[in-house]
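Student: Starting off with a structure, shown below.
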Amino acid sequence: MVTLEVVGSGGSAVGSGVVIRGDGYILTNNHVIASGGTVTVRMQDGTRYVGTVIGQNATADLAIVRIAATGLIPATFADSAGVGVGDQVVAVGSPLGLSETVTSGVVSAVDRQIDISAREAGTTGSVSYRAIQTDAALNPGNSGGALVNSAGELIGITSSIATTDGSTSAFPGRQQTTSGSIGVGFAIPSNQARQVAEQIIAATNG
């Protein structure tokens, strides 16, 4: 797990990311980095790298950031098709900028249709995906973080929450504009996340 700090002309944001390859490839949400600006990646030991956004899929709300590092330990992907309601899960991320924060809960639902408007997502395009729903606490800064099973395997990328006004918010880390957890959070399933990540990397590498 890493923390992403994005600073641009439109303001700043904090999100999370998951290392998926040992040579510096990091998976996160597109809405974390969509505003542009400088991306700083903070590792668990405090080391900081300048991150380069190498590709994005706005509709899936996923993006790949790369840093100049090798020998990283990547996450282990689980088969999200095997996730069931009631499974124990842990969310790992940087809510409110507090890195390496862990919250626990269960899978509340699977295959939940999530549709987020461009305004709510803070991007130029709308977002749509079938999600894993969880009651593990998610807050601004958790975006792009890991939802893992009891074996520590990645089953999803935490991405959005339901809000008390009935909308769905893809929280980009702007703490003053987004409500906190009400126990209804969503994650992009690992199978979809892995497929999109591989497509982005393949397109970048030609």
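Student: If you bin every alpha carbon distance in segment 37-110 into 5 Å steps from zero, what whole percent lands in each bin?
Tutor: Using 5 Å bins, I get a P(r) of 3, 10, 15, 20, 23, 16, 10, 3 for segment 37-110.
Student: Taking a label point 7 Å from the Cα of ARG21 along the Cα→Cβ vector, which residues of segment 143-160 have an amide N closer than 11 Å to it?
Tutor: Within reach of a label on ARG21: no residues.
Student: In addition: Pick from ILE132, ILE33, ILE114: which is most flexible by mean-square fluctuation in a GNM of the chain where alpha carbon atoms under 10 Å apart are linked?
Tutor: ILE114
Student: May I pose another question? Lys/Arg Cβ at +1, Asp/Glu Cβ at -1, dipole of the chain taken about the Cα centre: which of SER9, ALA81, SER94 is farthest positive-ward?
Tutor: Farthest towards the positive end: SER9.
Student: Which one of ALA136, GLY37, THR70 has its Cα pushed farthest toward the positive end of the charge dipole of the chain, where Lys and Arg give +1 and Asp and Glu give -1 at the Cβ?
Tutor: Final value for the positive-end residue is GLY37.
Student: When the dipole is taken about the Cα centre of the chain, and only Lys, Arg (+1) and Asp, Glu (-1) are charged at their Cβ, what size is it in debye, to the nearest 20? Display every interim value, and only then the final one.
Tutor: Values: 9 positive and 14 negative charges, 79 e Å.
I would put it at about 380 debye.
Student: Tally Lys and Arg at +1 and Asp and Glu at -1 over the other residues with C-beta under 15 Å from the C-beta of GLY51: what net charge comes out? Don't skip to the end; give the middle numbers.
Tutor: Details: positive: ARG21, ARG42, ARG48, ARG66; negative: GLU5, ASP23.
Taking every other residue near GLY51 into account, the sum is +2.
Student: When all C-alpha to C-alpha distances in segment 84-136 are sorted into bins of 10 Å, what percent of pairs does each bin hold, rounded to whole numbers?
Tutor: 23, 32, 41, 3
Student: Need one number for segment 39-172: average projected area of the convex hull over its C-alpha atoms, nm².
Tutor: Working: hull surface 33.9 nm².
Here the figure is 8.5 nm², rounded to one decimal.
Student: Right, something else. VAL106 to ALA81: extension gain in nm, 0.36 nm per residue of separation minus the Cα-Cα distance?
Tutor: On the way: separation 25, 0.36 × 25 = 9.00 nm, distance 1.58 nm.
This chain segment gains 7.4 nm when fully extended.
Student: Give me the percent of accessible area attributable to carbon and sulfur for segment 1-79, probe 1.4 angstrom. Each step should come with its number before you reach the end.
Tutor: Values: 1570 of 3200 Å².
That share works out to 49 percent.
Student: Per residue, how much accessible area does segment 1-76 show when a 1.4 Å probe rolls over the protein heavy atoms, in square angstrom?
Tutor: Numbers: 3050 Å² over 76 residues.
Roughly 40 Å² per residue, with all protein chains present.
Student: Can you give the alpha-carbon Rg of segment 5-44 over 2.2 N^0.38 Å, where N counts its residues?
Tutor: Details: Rg = 10.5 Å, N = 40, 2.2 N^0.38 = 8.9 Å.
That ratio works out to 1.17.
Student: When Lys and Arg each count +1 and Asp and Glu each count -1, what net charge do the other residues less than 12 Å away from ILE67, Cβ to Cβ, add up to?
Tutor: +3
Student: Between SER12 and THR38, what length comes free when the chain is fully extended (0.36 nm per residue of separation minus the Cα-Cα distance, one decimal in nm)?
Tutor: Values: separation 26, 0.36 × 26 = 9.36 nm, distance 0.94 nm.
Net length gain for the segment: 8.4 nm.
The values are calculated or read from the model by the stated rules, or taken from the named source; none is laboratory data. None of the values given here were measured: they were computed from a predicted structure. So basically every Cβ, Gly included, is an ideal-geometry build from the backbone, and we count neighbours across all protein chains shown. Just the protein is used for accessible areas: all its heavy atoms, side chains included, with ligands, DNA and RNA removed. Shrake-Rupley method; radii C 1.70, N 1.55, O 1.52, S 1.80 Å.
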